[in-house]
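Here's the structure we're looking at; comments come further down.
The values are calculated or read from the model by the stated rules, or taken from the named source; none is laboratory data. This is a predicted model, so every value here is computed, not measured. When we count neighbours, we look across all protein chains shown, and the Cβ atoms used for this are built from the backbone with ideal geometry, even at glycine.
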């Protein structure tokens, strides 16, 4: 049971991890603590970051324990789903420092 899940639900790739050194021509040693750290180049996948998903930490007010407080800005949508015996209200909220697509 590697990386917390077993069977077909286990993740294919775990990372991103930092490459420490190149071992031979086709193997790399990664910064891993729980498994064998040397992998063949065919088992690695290049990490391509999305520049639109990067949020600057300056405006967030990150605390010393690396947590921050989310502040709601606007309620975008409201709806009530009716089940057999009860009604469930749901609200779509726009949060500070998030795009409209990131509303939950």
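When region 62-104 is limited to residues that are assigned to a strand (DSSP E or B) and in contact with a helix residue (DSSP H, G or I) (Cβ under 9 Å, 6 or more places away or on another chain), the one that is surrounded by the fewest Cβ atoms within 10 Å (Cβ to Cβ) turns out to be 76. Checking the structure you have, find out if any residue of region 72-84 is out of contact with any strand residue (DSSP E or B) (no Cβ under 8 Å at 6 or more places or on another chain) and at pLDDT below 90. No, region 72-84 contains no residue that is out of contact with any strand residue (DSSP E or B) (no Cβ under 8 Å at 6 or more places or on another chain) and at pLDDT below 90.
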